[in-house]
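For reference, the structure discussed in these notes is given below.
The values are calculated or read from the model by the stated rules, or taken from the named source; none is laboratory data. This is a predicted model, so every value here is computed, not measured. Glycine gets a Cβ as well: all are built from the backbone with ideal geometry, and neighbour counts include every protein chain shown. To get the accessible areas, we keep the full protein, side chains included, count just its heavy atoms, and leave off ligands, DNA and RNA. Shrake-Rupley method; radii C 1.70, N 1.55, O 1.52, S 1.80 Å.
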Amino acid sequence: MTPKTIATILKDAQIGKEITIKGWVRTKRDSKNVIFININDGSTIKNIQAVVVPTDIEESIIHQVVTGAGVAITGILTPSQGSGQDVELLASHIIVYGTADPEKYPLQPKKHSLEFLREIAHLRPRTNTFGAILRIRHALAYAIHQFFNERGFFYLHTPIITGSDAEGAGEMFRVTTLDPKNPPLNDKGAVDYKEDFFGRETNLTVSGQLEGELGAMALGKIYTFGPTFRAENSNTARHLAEFWMIEPEMAFYELEDNMDLAEEFLQYLVKYALDNCSDDIAFLEKRLLDEEKSLKKEEQSPLPLREKLHFVVNNSFKRLTYTEAIKILENSKPNKKGQFKYPVSWGTDLQSEHERYLVEKEFNAPVILTDYPREIKSFYMKQSEDGKTVRAMDVLFPGIGEIIGGSQREEDYDKLIKRVDEVGIDHETIWWYLETRKFGTVPHSGFGLGFERLVLFVTGMKNIRDVIPFPRTPKSANF
RNA sequence: UCCUCCUUAGCUCAGUCGGUUAGAGCAUCUGACUGUUAAUCAGAGGGUCGUUGGUUCAAGUCCAACAGGGGGAGCCA
């Protein structure tokens, strides 16, 4: 029989029955007549308290029951005499699968900094905070599939190893089986990739979008959800070298449809977390309040976590064009007082400080910005009649910045080719992409959601390295 | 990659103007006590002060380089 989890046991507490719980010891409190052991098995943030009468269990066994030990405890489930919990386990038998030397086990019952826990990423899932984060992360991943499935989208597996850098955006990780010390050379003395595993240069994907568009041109509505790799030397709390991205792509969707979907999608996901992870979110909310107690009022979160999440679910996002945003910024107080580090002007990309002003000061709500200047956006975005802008959209979230970037795609072959040439992309590398515009091209749109940025928002965490189990960042790929 | 700050006990941090034996809280261990909740009380153990080099009679303290980390910026999701 598979062991029951603590989540199940607490859900339908069968008082008076003998049960066995298997998990890891969080704390043990000794005394002469009675010992309390708190067990957690990861199924929920809640522990079960086992009550041991010292004469019932061999002392050598009890001695091995220390913080971090893996154990199975059998006993009768009874109503608790104490006030911290409804039920508890009157232990009659204990198996210690593995003890954990208290002198060496790093996770002792005390507060640990997130920085320290990052250094012991192999153990941090055993903490309340990371248990909560990882359960929420799972719930959001599940909700993503559910959302798209309910709406007739198909999950398309785009390649992780790609032969194109078509987006031209950013550094990529090379994939090769050639000997780095002694690679084969061609006539010109350069590395001969014809000898490489795939017979050409290959990299890890930076986006599944281009392949996603191929899927949308056949299946109608698709989404991808997979790992994405950027070899940028980005050292921020919002960037990872390996992260997970969701990229829906829809035939016959125009930019407005795209925005509607993005907004509905985000609200659905946040609501799902609120409905299904209430214990974990409540814990993280309390944790955040404790942590921010020592900060000045201005630096504290304006709303408690759950209120912030409810706000996003219940209020529609502010939509405006890039041009309108520039006007607001030009007339803003910080701009007139010269408080912006970067000047505001039409044609340049918005800086973090500008985005933050719009989201956190001007609107105090999620914002969707559209119709950016074509020069600062990607080649595949649909060009507008005005000849100056493209049908792009960025969804900006408070505290996170850009959480979604997307656009309507340019479906006109001639216009697309013109941009491809202007940007300087070799036709040969994306001939297959260009053919979609030759054979039955239709209007279509899509966007990319950074999964970890979503988890960041829902958990209220501040550093993206704390919402993925094993973060990969420059100079760091441990575990 | 740039700016900035940090690195002292297992963890979080003090450490004065450079001065003799480097401190605290938590954790750990021992004991006491108690249906306890990160229990409480008493005691104990625990340090190559990130690394290397320099200045000085004397360096945890000053200087330089390097390494690791935090915060901010750029790039973006």
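Quick notes
- Label-to-label distance, nm, for residues given as A:ASN478 and A:GLU119 (7 Å Cα→Cβ offset): 0.7 nm
- Percent RCO, i.e. relative contact order, over chain A, from Cα pairs under 8 Å lying at least 6 residues apart: 13 percent
- For the stretch A:6-109, dividing the convex hull volume of the Cα atoms by the residue count gives 99 Å³ per residue.
- Computed lengthening from A:ASP187 to A:LYS388, 0.36 nm per intervening residue step minus Cα-Cα distance: 67.9 nm
- Gap separating the Cα centres of the stretch A:412-444 and the stretch A:185-239, nearest whole Å: 18 Å
- Euclidean distance between Cα centres, the stretch A:1-65 to the stretch A:249-279, Å: 41 Å
- The label-point distance for A:GLU58 and A:PHE198, in a model that sets each label 7 Å from Cα toward Cβ, rounds to 5.8 nm.
- Which of A:GLN108, A:HIS122, A:THR441, positive extreme of dipole for chain A (C-beta unit charges): A:GLN108
- Computed log₁₀ I(q)/I(0) - Debye formula, equal Cα scatterers, no solvent, chain A, q 0.07, 0.13 Å⁻¹: -0.49, -1.24
- Once the 1.4 Å probe is applied to the protein heavy atoms, chain A comes out at 51 Å² accessible per residue.
- Using the rule -39500 (n - 2.57) for each DSSP H run of four or more residues, divided by the residues of chain A, the 222 nm mean residue ellipticity is -8500 deg cm²/dmol.
- Length added when fully stretched, A:LEU90-A:THR27, from 0.36 nm per residue minus Cα-Cα: 21.0 nm
- Taking a straight line from the alpha carbon of A:LYS111, these lysines sit under 21 Å away, with near neighbours fewer than eight places off in the same chain left out: A:LYS28, A:LYS46, A:LYS286, A:LYS293, A:LYS462.
- Unit charges on C-beta of K, R, D, E only; dipole of the stretch A:6-109, Debye: 240 debye
- Estimated FRET transfer efficiency when R0 is 30 angstrom, pair A:ARG306-A:ASN235 (beta carbons, to 0.05): 0.45
- A:LEU289/A:GLU254 FRET efficiency (R0 41 Å; Cβ-Cβ; nearest 0.05): 0.45
- Among the listed pairs A:LYS194/A:LYS377; A:LYS318/A:LYS415; A:LYS221/A:LYS438; A:LYS308/A:LYS341; A:LYS188/A:LYS438, those beyond 26 Å (Cα-Cα): A:LYS194/A:LYS377; A:LYS318/A:LYS415; A:LYS308/A:LYS341; A:LYS188/A:LYS438
- Dipole magnitude of chain A, debye to nearest 20 (Cβ charges: Lys/Arg +1, Asp/Glu -1, about Cα centre): 1600 debye
- Extension gain, A:THR78 back to A:PHE363 (0.36 nm per residue minus Cα-Cα distance, nm): 97.4 nm
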